[in-house]
């Protein structure tokens, strides 16, 4: 059975996913995911036409979608905005701002989620949700430093548990990750050369503290 464009039908078909998952559910979900492929390709091609490089592009897996439906109990399938997405990594915050403006001028942007001033458990980035033929595509724009923190957080999630990314895992690790994120923010914003070495030293020390704590655990 294939999904129609009706949000109501989509949600009705998969509303029971978190409770009882059958092979039919998974087949339907796979079919639903496939309807986003062309929209993702359009976005990636357009970004490249604008002279930007794509760091990565992906379609959310069935497991990731089901996990999100379970974690965010009030959300329905049709409300998930990142079924597909891509990522752009740039060198500085100034370039990040310029890229965001460029994308805003070239896409039908539904949502702008700036997570730099108010990080999500340490995660800093700018997310644009754009609409292509009625399908939503997420574009993440990160600086090199923001991306390094996010990649490190992902690796910790693989080692310790997925909840680390959502601030509900090991309390000590979550605190250290937020501390690391704060120092990285200071590094990106600092203008005085003499303070950069101090900030880099704090980043290195926090990283060592995290690694040492993992070994102790």
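The values are calculated or read from the model by the stated rules, or taken from the named source; none is laboratory data. Computed from a predicted structure; not experimentally measured. Here the Cβ positions follow ideal geometry from the backbone for every residue, glycine too, while neighbour counts run over all protein chains shown.
Looking at 66, 70, 88, which is the one that is under 22 Å from residue 126 (Cα atoms) and either in a strand (DSSP E or B) or not assigned by TED's automatic domain parsing to the domain that holds residue 169 (or both)? Let's see the steps before the verdict.
Details: 66 fails: under 22 Å from residue 126 (Cα atoms); 70 fails: under 22 Å from residue 126 (Cα atoms).
One residue alone meets the criteria, 88.
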Checklist outcome for this item: Checking 138, 178, 188 in turn, the sole residue that is assigned to a strand (DSSP E or B) and either surrounded by 14 or more Cβ atoms within 10 Å (Cβ to Cβ) or touching a strand residue (DSSP E or B) at 6+ places or on another chain (Cβ under 6 Å) (or both) turns out to be 138
Checklist entry - Can you name the number of the only condition in (1) surrounded by 15 or more Cβ atoms within 10 Å (Cβ to Cβ); (2) out of contact with any strand residue (DSSP E or B) (no Cβ under 7 Å at 6 or more places or on another chain) that residue 154 fails? => result (1)
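Out of all the residues in the stretch 113-135, which are under 16 Å from residue 86 (Cβ atoms) and in a strand (DSSP E or B)?
Residues of the stretch 113-135 under 16 Å from residue 86 (Cβ atoms): 113, 125-132, 135.
Hits for the stretch 113-135 are 113, 126, 127, 128, 129, 130, 131, 132, 135.
Test of understanding: among 39, 31, 53, which residue is surrounded by fewer than 16 Cβ atoms within 10 Å (Cβ to Cβ) and out of contact with any helix residue (DSSP H, G or I) (no Cβ under 9 Å at 6 or more places or on another chain)?
On the way: 39 fails: surrounded by fewer than 16 Cβ atoms within 10 Å (Cβ to Cβ); 53 fails: out of contact with any helix residue (DSSP H, G or I) (no Cβ under 9 Å at 6 or more places or on another chain).
Matching residue, one of 39, 31, 53: 31.
Please find, within the stretch 96-108, the residue that is surrounded by the fewest Cβ atoms within 10 Å (Cβ to Cβ) out of those that are under 20 Å from residue 146 (Cβ atoms) and either touching a strand residue (DSSP E or B) at 6+ places or on another chain (Cβ under 8 Å) or without any contact (Cβ under 8 Å) to a residue 12 or more places away in the chain (or both).
Only one residue tops the list, namely 101.
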